[in-house]
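Q: Dropping a structure here in structure tokens format, bear with me for questions.
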Amino acid sequence: MYISNYLSKSISIIDYETLTLDREIKLDENIYPHHFCIDKENNKMYLPSSTNGILYVLDMTNEKIIDSSSIGGSLSQVALYKDEIFIANEDSNSIYFMDKNTLDPIGMITVDNMPHGFCFDMPRKKLYVPCIDSITCIDIEEKNIDKKIDVDFKAWHVQLDKYKSEIYVSTLDGKVVVIDEETLNTKRVLDEFLLPVQMSFNYKDQKVYIADLGYKCIKIMDYNQGKYIGSFNIDGIPQGLEISHDEKLLFVSDTQKNTVKVYDTETNKLVKEIKVGKEPTTIICM
């Protein structure tokens, strides 16, 4: 399991079996990792640095930066699709795509204001991009905008429900909005939040977890009813969420305590608290 530590400019590696810190990879002084993605086949990690607009490539075998490409602007989320890298740029209001092997630019698509996050629907070959006042669907094969809808909420993060063809959108104005993937029309608006960030599905127990940075807790929604059913406090500031492959454990990055907290999804009880670097953000389980 890998965690990006923004302020300590590092990547923490946690042993998934023992839930202990294995080691920490120190990055270069000018790399502030908020998000990252991993190419398992080639054992590489792609790290966009939001402070200098550069995408870095980390060789995970020797734990060294082996390549970089200057894109410019405030880079946020990054993801892989086949042999391409997709990167959200908040400053230029665009999605960049590059060759993952050469880092040569392939093109870019202009979207609306501040595209912070995005999510893929791989079977449908679609990329959904939330902006401050719109949601854009991009055809990732044709490299064009498939459809777009203006919204009256400040979209921020998105998470695709792989079974219901719904997209959950956390907003900067304290809502979680569920939209239809096909039409991009709003289906439900959930108001029980202050500043929701990451979301994660527990299909086994029919729950949806939302990290609420404002209320400093994890809120729980009933997956079928779409209703708020409870919460548990983090005693810190939650940011990233990841659920284990068997959906028995929920991992939460706490940017105040600089830890990853592990919760039992059946009882919502804290199982383990693992010290990592400063200001941990994204968590990825491999």
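Every number in this text was worked out from the coordinates using simple rules, so none of it is lab data. Computed from a predicted model, the values in this text were never measured in an experiment. Please note: Cβ atoms are built from the backbone with ideal geometry, for glycine as well, and neighbour counts cover all protein chains shown.
Q: Relative contact order for the range 166-272: what percent, with Cα pairs under 8 Å and sequence separation of 6 or more?
A: Relative contact order for the range 166-272 comes out at 15 percent.
Q: What residue among ILE87, ILE71, ILE135 shows peak mean-square fluctuation when the chain is described by a Gaussian network model with Cα springs under 10 Å?
A: ILE71
Q: Once you keep just the Cα pairs under 8 angstrom separated by 6 or more residues, what percentage relative contact order results for the chain?
A: Relative contact order here is 12 percent.
Q: Any chance you could check the Cα centroid distance between the range 99-113 and the range 117-150 for me, in angstrom?
A: Result: 14 Å between the Cα centres.
Q: What is the distance in Å between the Cα centres of the range 1-50 and the range 58-96?
A: 14
Q: Something else about it: So, in Å, what gap is there between the alpha-carbon centers of the range 195-268 and the range 151-170?
A: Answer, in whole Å: 16.
Q: In addition: Under the rule of at least 5 residues apart or a separate chain, name every residue whose amide H is placed under 5 Å from the amide H of GLU279.
A: Sorted by chain and number, the residues that satisfy this are LEU7, ASN258.
Q: Right, something else. Which order do the peptides 145-156, 167-178 take when ranked by the mean count of other beta-carbon atoms within 10 Å per residue, highest first?
A: Put in order of decreasing packing, that is 167-178, 145-156.
Q: List the relative contact order of the range 79-176 as a percent without decimals, with contacts defined as Cα pairs under 8 Å and 6+ residues apart.
A: Here the relative contact order equals 17 percent.
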